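Since the structure comes first, as structure tokens, the remarks are kept for the end.
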Amino acid sequence: MKQKILQLFFKLKKKEIPEEYIYELENYSAYYKRLNDDLKLAFLERLQIVLHSLNFTSETGFKIEERMKIIIAAALVQITFGLRKFVLNTYNTIDIVANKYTYEGLNFFMTGDLNTYEEIITLSWPHVEFGFTVKDDALNVAIHELCHALIFEDIHGSLWSQFLETKKYKAYEYEGVKKLNAIRQGENKLLRDYGGENMIELFSVAVETFFEQSEAFKNQLPELYKQLSVLLNQDPTQKENPILDNSITGY
């Protein structure tokens, strides 16, 4: 492993990608660690671009560390790794806070949310970190909220700037509605019941499970898994090379 990492360092040096990226990804990203060397390089190149495209803010007194930025940006790269578009245009401000939080008028606390009015994604850092430390519970607040961002950017953006192809999303949606109804009728398995709130929440919950419990998802909900794979152009059960159609990504 050390020899492979050293080899990757030499390649990175030529491409002027900071070595810190690989250390944090090796520690936190199970998805990245499984990729073959060529795709690791592609992931790191996208990560560099995404990091430069995001604006990170924090509450007063809370210091943002570079590793926090890397881990959150890596979540976006992971979700969009099979897509042509991978940079957020509208929801590109990430507010990192020290713990759970709430808003005036609410009687519950949150670990993350997407504010469509202010166009900000807020994330509780301890819960982001927990989502990547525990890698198989299908709970990842960074992935969850960034999936919301993809959906809302596509809703409000132009047809030519979409993350998700309309035809592929419709095919996924057809299966997703079945799952939504099953959850609401108390006939759920595998995905969290929270996915029954609406189709936007179902997408985020499904993607969390897609990456963190991919084998179980593929076996228990094969049609939904298939359409989500086509939509994201990925099959995470193919660990070293999850990309289905490399003509879309170029690698």
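Looking at 138, 149, 142 in this structure, which one is buried (at least 18 other Cβ atoms within 10 Å of the Cβ), in contact (Cβ under 8 Å) with a residue 24 or more places away in the chain, small (Gly, Ala, Ser) and in a loop (DSSP other than H, G, I, E, B)?
Numbers: 149 fails: in a loop (DSSP other than H, G, I, E, B); 142 fails: in a loop (DSSP other than H, G, I, E, B).
Every option except 138 fails the conditions.
Considering region 83-114 alone, what residues qualify as being hydroxyl-bearing (Ser, Thr, Tyr) and crowded, with 18+ Cβ neighbours inside 10 Å?
Applying the first criterion (hydroxyl-bearing (Ser, Thr, Tyr)) to region 83-114 yields 90-91, 93, 101-103, 111.
Residues satisfying the conditions are 91, 111.
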Exercise. Can you tell me which residues in region 161-178 are charged (D, E, K, R) and over 13 Å from residue 224 (Cβ atoms)?
Worked result: 165, 167, 168, 170
Problem set entry | Test: residue 227 is surrounded by 15 or more Cβ atoms within 10 Å (Cβ to Cβ) and either of a type in the set (Val, Ile, Thr) or touching a residue at least 24 places away in the same chain (Cβ under 8 Å) (or both) | yes
Exercise. Of 33, 69, 63, which residue is of a type in the set (D, E, K, R), modelled with pLDDT of 95 or more, over 19 Å from residue 232 (Cα atoms) and not in a helix (DSSP H, G or I)?
Worked result: 63
For this session: Report the residue count in region 95-117 for those that are farther than 14 Å from residue 147 by Cα, more than 16 Å from the chain's Cα centre (by Cα), in contact (Cβ under 8 Å) with a residue 12 or more places away in the chain and part of a loop (DSSP other than H, G, I, E, B).
Result: 3
Exercise. Would you call residue 202 surrounded by 14 or more Cβ atoms within 10 Å (Cβ to Cβ), outside any helix (DSSP H, G or I) and either modelled with pLDDT of 95 or more or under 19 Å from the mean Cα position of the chain (by Cα) (or both)?
Worked result: no
Exercise. Does region 93-108 contain any residue that is at pLDDT below 95, over 29 Å from residue 239 (Cβ atoms) and in contact with a helix residue (DSSP H, G or I) (Cβ under 8 Å, 6 or more places away or on another chain)?
Worked result: no
Problem set entry | Subset of region 112-122 [under 12 Å from residue 96 (Cβ atoms) and either modelled with pLDDT under 95 or among the β-branched types (Val, Ile, Thr) (or both)] | 120, 121, 122
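The values are calculated or read from the model by the stated rules, or taken from the named source; none is laboratory data. All values derive from a computational prediction rather than experimental measurement. Using ideal geometry, Cβ is built from the backbone for each residue, glycine included, and neighbour counts are taken over all protein chains shown.
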